[in-house]
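Worksheet for the structure shown next.
The values are calculated or read from the model by the stated rules, or taken from the named source; none is laboratory data. Just so we're clear, the structure is a prediction, and the values are computed from it rather than from any experiment. Please note: Cβ atoms are built from the backbone with ideal geometry, for glycine as well, and neighbour counts cover all protein chains shown. With ligands, DNA and RNA removed, areas are computed over all heavy atoms of the protein, side chains included. Shrake-Rupley method; radii C 1.70, N 1.55, O 1.52, S 1.80 Å.
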Amino acid sequence: GDVYKRQGINAEYGALTKLMKAVCYSDVNQPLEMTQLPIPEPVAGGVVIRVMATGVCRSDWHGWKGHDGDVLAWLDSHPGESFVPGHEMSGLVHSVGDGVERFKSGDRVAVPFILSCGGCRECDRNHPTVCEQQQQPGFTIRGSFAEFCMIPRADRNLCILPKAVSFTAAAALGCRTTTAYRAVVQQGKLEPNQTVAVFGCGGVGLSCVMVAVAFGAKVIAVDTCAAARQKAQELGAVGDVDGTEEEEARERVLELTGGMGADMTVDAAGFTATCENAVWCARRGGTVVQVGLPLHQQPAVPMARVAGWELTIVGSHGMAAADFPGVLQMVEEGRLQPEKLVEKCVSLEEGAAAIPAMDDGSPLGITMITSFD
């Protein structure tokens, strides 16, 4: 329905307030509920986005389960209030706060999930992905599982969405594909014709496969799930390895790389086995990119191998907003096709149900919320 026709009484101010549909939870592991909240007002320097598409990511599940410190901190500092998850989004600028210069109402925009401040030590060093004062929708502030979402620091972080790029494709970029781009291209410093072994072919892993193939790499996909490996092949992987048995997986990767190991390995899952095998399967002088988050796990990284083979291990987190236009151009040109990773488009209510469903494992593709009626 039209949110502008839905109005309710604001108990605190006794005024007529425009409301929006939203998915909320009041505490970790508590039910995700469809509710109505006041449409947010933009802060100075910020905008309010009318959400047109938003992905359901396993990071949203981690936040809801209590694995994310930022979500816990928000709940502790907002007693009695409900939290809105969601961080992969695209939409239309609805309203603009004081001081915003680059955007106006009606603009189509893509939204990165790291909103850097521009004034801390890391931003001054041009490292916005590790900004000391970063904001993240769905983690440090209310997120995109709602009809509207307030985005601070708009001029620095938002990006105009080209007309040729759909809202669904842009939302698919917002976390997984851009995270993969930074991991493989920027942090891993991928070169054409290199061999890349991707360990864990979930959302980020499949995006790593897509990005590496787009830049001319020969990709080996390693996963315990046959369907995930098949999807990786459809995206251009030239080899696939069953990761169920760790030792056998290492041997198979070595076989596929002529006994040398891969030029670059990527742990895109964050499990003990994927992290350790990513190190064991890198060639001498190779690069290991850690982009999966090993939550509650402590992998035994073979540091003697790292030293003796002069391996480079590098972490990767998100992507800088300034780099979004280049990735969007690749989508516009058809070099990247993030919509291929979208498994299904659902309603807001169905998207809410998809988070607790991840207790039983993540879906192969992206579940994308595109209907808010």
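Before moving on, here are some points about what is shown:
- Highlighted here are the strands (runs of 3 or more DSSP E) found entirely within the range 88-161 that include at least 1 residues which are in contact with a Cys (Cβ under 6 Å, 6 or more places away or on another chain) and not basic (Lys, Arg): 88-96, 108-111.
- Boolean, Thr195 is within 30 Å of Gly243 (Cα to Cα), in contact with a strand residue (DSSP E or B) (Cβ under 7 Å, 6 or more places away or on another chain) and modelled with pLDDT of 95 or more: yes
- Selection over the range 157-191 of residues that are open to solvent by 10 Å² or more (accessible area, probe 1.4 Å), aliphatic (A, V, I, L, M) and under 25 Å from Ala262 (Cβ atoms) gives a count of 2.
- Filtered residue count, the range 257-300, keeping only those that are in contact with an Asp or Glu (Cβ under 9 Å, 6 or more places away or on another chain), closer than 15 Å to Gly202 by Cα and in a loop (DSSP other than H, G, I, E, B): 4
- Only a single criterion out of (1) farther than 28 Å from Asp373 by Cβ; (2) under 16 Å from the mean Cα position of the chain (by Cα); (3) part of a loop (DSSP other than H, G, I, E, B) is not satisfied by Pro85, namely (1).
- All conditions but one from (1) outside any strand (DSSP E or B); (2) surrounded by 12 or more Cβ atoms within 10 Å (Cβ to Cβ) apply to Asp240; the one that does not is (1).
Quick grid of which residues meet (1) surrounded by 15 or more Cβ atoms within 10 Å (Cβ to Cβ); (2) of a type in the set (A, V, I, L, M); (3) out of contact with any Ser or Thr (no Cβ under 9 Å at 6 or more places or on another chain); (4) more than 29 Å from Met368 (Cβ to Cβ):
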| position | (1), (2), (3), (4) |
| --- | --- |
| Glu255 | no, no, yes, yes |
| Ala269 | yes, yes, yes, no |
| Gly292 | yes, no, no, no |
| Ala320 | yes, yes, no, no |
| Asp323 | yes, no, no, no |
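- Number of residues in the range 32-41 that are without any contact (Cβ under 8 Å) to a residue 60 or more places away in the chain and open to solvent by less than 80 Å² (accessible area, probe 1.4 Å): the value is 2.
- Flag for Thr140 being within 18 Å of Trp74 (Cβ to Cβ) and out of contact with any strand residue (DSSP E or B) (no Cβ under 7 Å at 6 or more places or on another chain): yes
- Residues that are without any contact (Cβ under 8 Å) to a residue 60 or more places away in the chain and not in a helix (DSSP H, G or I) were ranked within the range 347-369; the one that is nearest to Ala214 (Cα to Cα) is Pro363.
- Residue in the range 277-287 that is among the β-branched types (Val, Ile, Thr), open to solvent by less than 30 Å² (accessible area, probe 1.4 Å) and within 25 Å of the chain's Cα centre (by Cα) present: yes
- Gly216 being over 17 Å from the mean Cα position of the chain (by Cα) and in contact (Cβ under 8 Å) with a residue 24 or more places away in the chain: yes
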